[in-house]
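Please read the structure below before turning to the comments.
The values are calculated or read from the model by the stated rules, or taken from the named source; none is laboratory data. Given the structure is predicted, the values throughout are model-derived calculations rather than measurements. All Cβ positions, even for glycine, are placed from backbone atoms using ideal geometry, and neighbour counts span all protein chains on display. Remember, those area values only see protein heavy atoms, side chains included, never the ligands or the DNA or RNA. Shrake-Rupley method; radii C 1.70, N 1.55, O 1.52, S 1.80 Å.
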Amino acid sequence: MTVESTAARKSRRSAGTKSTAGKTTTARKTPSSTDPELVQLLTPEGKRVKNAEYDKYVAGITPDELRGLYRDMVLTRRFDAEATSLQRQGELGLWASLLGQEAAQIGSGRATREDDYVFPTYREHGVAWCRGVDPTNLLGMFRGVNNGGWDPNSNNFQLYTIVIGSQTLHATGYAMGIAKDGADSAVIAYFGDGASSQGDVAESFTFSAVYNAPVVFFCQNNQWAISEPTEKQTRVPLYQRAQGYGFPGVRVDGNDVLACLAVTKWALERARAGEGPTLVEAYTYRMGAHTTSDDPTKYRADEEREAWEAKDPILRVRRYLEASNHADEGFFAELEAESEALGKRVREAVRAMPDPDHFAIFENVYADGHALVDEERAQFAAYQASFADVEGGH
Ligand SMILES: Cc1ncc(C[n+]2csc(CCOP(=O)(O)OP(=O)(O)O)c2C)c(N)n1
Ligand SMILES: [Mg+2]
């Protein structure tokens, strides 16, 4: 038996990590444009590259549709920025920004058909936009005034799910159900790199594979699960996990809206054709904080974000539109005005919403009263009352 020295063990354990300005970050290999693992149709420079397998899924796309994808991403980013500001101004309890993930969400969202069904996490504002959910409904949920948000069946867009990974099971069950009904639609479940470690996700992979369920698992690998890097979730690229369950997995450039559209269309068509589940790993980056309650400067280096800024999902489409003369100054100016108007609309809508009822959380926990809930309500009332003097003094 060899005895490993403490120093050797320490150095082995810390392999792959480096310290940057007092923060420990994990060294990561970022796939490049030429990486064969990564499906990419539009480079960060805005150059259209050929792809023998996936080109056909976007071959018929018109300049008008391209401008539409760009518009979706710009408006979603604008709405998201407005929501972050509204939280900072005390109008929302919390906000989970999608900054940086616009292409993954708009590309996949626009690939869905009206009769498909979507199971989101809490960050899918771009997908909600594609499904026609009014942004003010999302804001009402984060303000705590509309009991979870919207009617899921109006847009085939489930309620936001905070319990990490659980919606993949809901999606799988739903997909198994519509298959039994003989429907030719498909289901798509969104989840994150962190969620991929959850038992629920593993179970949904097993069930969907065994029952050949018409479901697409769309994993946005945004490199972080709050402060945990993807390296802490997996030893293999996430898309390769699918192989062990017996269905295909594909890694797509999550900052490339065209590639996300093409790959998701392919996966949804497989599902509709009875070929079972697919795992799509959209390789992207969370440009902002996990939520407005988080401070990423505590655990990740600024240089990492800067490197991803060069791969901005919106900028590359703008470059492509300009280089191919598919959009002129007038288009960009009009869109800017439309963004302003959207910002104003959501701001005014949120300010017109009532304040949340702080005691509503204790209602409807049980059909009848419950001693523990009564105790908690009383504790909370006492806590609230402890601020009375402060408020009265001002
Ligand atoms: C079952 C469960 N465990 C823990 C949490 C706390 N939590 C909220 S978000 C999050 C990280 C999720 O990371 P990821 O799946 O990568 O999604 P992202 O937030 O990056 O979009 C955790 C652990 C939770 N909401 N549910
Ligand atoms: Mg994540």
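Considering every residue within the range 286-301, establish whether at least one is in the same structural domain as Ala242 (by TED's automatic domain parsing), of a type outside the set (S, T, N, Q), more than 16 Å from ligand 1 (Cβ to nearest atom) and within 24 Å of Arg48 (Cβ to Cβ). Spell out the reasoning first.
Of the residues in the range 286-301, the ones in the same structural domain as Ala242 (by TED's automatic domain parsing) are 286-301.
Restricting the remaining residues to those that are of a type outside the set (S, T, N, Q) gives 286-290, 294-296, 298-301.
Then keep just the ones that are more than 16 Å from ligand 1 (Cβ to nearest atom); that gives 301.
Filter again for within 24 Å of Arg48 (Cβ to Cβ), leaving none.
There is no residue in the range 286-301 that is in the same structural domain as Ala242 (by TED's automatic domain parsing), of a type outside the set (S, T, N, Q), more than 16 Å from ligand 1 (Cβ to nearest atom) and within 24 Å of Arg48 (Cβ to Cβ).
Specify which of the listed residues (Arg319, Arg272, Arg251) is charged (D, E, K, R), in contact (Cβ under 8 Å) with a residue 12 or more places away in the chain, more than 16 Å from ligand 1 (Cβ to nearest atom) and within 29 Å of Ser208 (Cα to Cα).
After applying the criteria, what remains is Arg272.
Name the residues in the range 284-341 that are more than 16 Å from ligand 2 (Cβ to nearest atom), touching a Lys or Arg at 6+ places or on another chain (Cβ under 9 Å) and basic (Lys, Arg), would you?
Within the range 284-341, Lys298, Arg316, Arg319 meet the criteria.
What's the number of the only condition in (1) under 26 Å from Glu322 (Cβ atoms); (2) open to solvent by 20 Å² or more (accessible area, probe 1.4 Å); (3) at pLDDT 95 or above that Val58 fails to meet?
Only one criterion in (1) under 26 Å from Glu322 (Cβ atoms); (2) open to solvent by 20 Å² or more (accessible area, probe 1.4 Å); (3) at pLDDT 95 or above is unmet by Val58, namely (2).
Working only within the range 296-319, note down all residues that are of a type outside the set (D, E, K, R), open to solvent by 40 Å² or more (accessible area, probe 1.4 Å) and closer than 22 Å to Gln105 by Cα. If you could, list the steps in order and put the result at the bottom.
Restricting attention to the range 296-319, the residues satisfying the condition of being of a type outside the set (D, E, K, R) are 296-297, 299, 301, 307-308, 310, 313-315, 317.
So of that shortlist, the ones also open to solvent by 40 Å² or more (accessible area, probe 1.4 Å) come out as 297, 307, 310, 315.
Within the range 296-319, Ala307, Ala310, Leu315 qualify.
Output the number of the condition that Gly199 fails; it satisfies all remaining conditions of (1) closer than 22 Å to Phe119 by Cα; (2) at pLDDT below 95.
Unmet condition: (2).
Test Phe247 against the stated conditions and say whether it is more than 11 Å from ligand 2 (Cβ to nearest atom), surrounded by fewer than 24 Cβ atoms within 10 Å (Cβ to Cβ) and over 30 Å from Ala301 (Cβ atoms).
yes
Restricting the search to the range 191-237, which residues are among the aliphatic types (A, V, I, L, M) and more than 7 Å from ligand 1 (Cβ to nearest atom)?
Val201, Ala202, Ala209, Val210, Ala213, Val215, Val216, Val236, listed by residue number.
For the condition touching an Asp or Glu at 6+ places or on another chain (Cβ under 6 Å), open to solvent by 10 Å² or more (accessible area, probe 1.4 Å) and within 16 Å of ligand 2 (Cβ to nearest atom), what is the one hit in Thr234, Thr230?
Details: Thr234 fails: touching an Asp or Glu at 6+ places or on another chain (Cβ under 6 Å).
Selected residue: Thr230, the only one of Thr234, Thr230 that is touching an Asp or Glu at 6+ places or on another chain (Cβ under 6 Å), open to solvent by 10 Å² or more (accessible area, probe 1.4 Å) and within 16 Å of ligand 2 (Cβ to nearest atom).
When the residues of the range 173-202 are narrowed to those that are of a type in the set (Ser, Thr, Tyr) and more than 16 Å from ligand 2 (Cβ to nearest atom), which ends up nearest to Asn255 (Cα to Cα)?
Filtering first and then ranking leaves Ser185.
Would you pick out the residues in the range 67-80 that are without any contact (Cβ under 8 Å) to a residue 60 or more places away in the chain and under 16 Å from Thr136 (Cβ atoms)?
Within the range 67-80, Thr76, Asp80 meet the criteria.
Take the conditions in contact with a helix residue (DSSP H, G or I) (Cβ under 7 Å, 6 or more places away or on another chain), modelled with pLDDT of 95 or more and open to solvent by 40 Å² or more (accessible area, probe 1.4 Å) and apply them to Phe331. Does it pass?
For Phe331, the condition - in contact with a helix residue (DSSP H, G or I) (Cβ under 7 Å, 6 or more places away or on another chain), modelled with pLDDT of 95 or more and open to solvent by 40 Å² or more (accessible area, probe 1.4 Å) - is met.
For the structure I just gave you, tell me whether Ala273 is more than 18 Å from Val39 (Cα to Cα), open to solvent by 30 Å² or more (accessible area, probe 1.4 Å) and either within 22 Å of the chain's Cα centre (by Cα) or of a type in the set (A, V, I, L, M, F, W, C) (or both).
yes
Would you mind telling me which numbered condition in (1) within 16 Å of ligand 2 (Cβ to nearest atom); (2) aromatic (Phe, Trp, Tyr); (3) in contact with a strand residue (DSSP E or B) (Cβ under 8 Å, 6 or more places away or on another chain) Phe205 fails?
(1)
With the structure loaded, tell me whether Ala289 is under 20 Å from the mean Cα position of the chain (by Cα) and not in a helix (DSSP H, G or I) or whether it fails that test.
Taking the combined requirement at face value, the residue satisfies it.
Can you name the helices (runs of 4 or more DSSP H) wholly within the range 100-211 that have at least 3 residues being in contact with a helix residue (DSSP H, G or I) (Cβ under 9 Å, 6 or more places away or on another chain) and in contact (Cβ under 8 Å) with a residue 24 or more places away in the chain? Let's see the steps before the verdict.
On the way: elements: 102-111, 125-131, 135-143, 152-155, 166-181, 199-210.
Because the criterion is at least 3 residues that are in contact with a helix residue (DSSP H, G or I) (Cβ under 9 Å, 6 or more places away or on another chain) and in contact (Cβ under 8 Å) with a residue 24 or more places away in the chain, the helices (runs of 4 or more DSSP H) in the range 100-211 that meet it are 102-111, 125-131, 135-143, 166-181, 199-210.
Name the residue that is surrounded by the fewest Cβ atoms within 10 Å (Cβ to Cβ), counting only residues in the range 218-227 that are part of a strand (DSSP E or B) and within 11 Å of ligand 2 (Cβ to nearest atom). It would help to see each step written out before you state the result.
Kept after step one, since they are part of a strand (DSSP E or B), are these residues of the range 218-227: 218-221, 224-225.
Filter again for within 11 Å of ligand 2 (Cβ to nearest atom), leaving 219-221, 224-225.
Working: Cys219: 27, Gln220: 28, Asn221: 25, Trp224: 22, Ala225: 20.
Among them, the one singled out is Ala225.
If we scan the range 367-379, do we find a residue that is in a helix (DSSP H, G or I) and in contact (Cβ under 8 Å) with a residue 24 or more places away in the chain? Spell out how you get there, then give the answer.
First, pick out the residues of the range 367-379 that are in a helix (DSSP H, G or I): 371-379.
From what's left, in contact (Cβ under 8 Å) with a residue 24 or more places away in the chain: none.
Scanning the range 367-379 turns up no residue that is in a helix (DSSP H, G or I) and in contact (Cβ under 8 Å) with a residue 24 or more places away in the chain.
Let me confirm something: among Val210, Val201, which residue is more than 19 Å from Ala104 (Cα to Cα) and surrounded by fewer than 17 Cβ atoms within 10 Å (Cβ to Cβ)?
It is Val210.
Answer with yes or no whether Ala259 is more than 18 Å from the chain's Cα centre (by Cα) and open to solvent by less than 30 Å² (accessible area, probe 1.4 Å).
no
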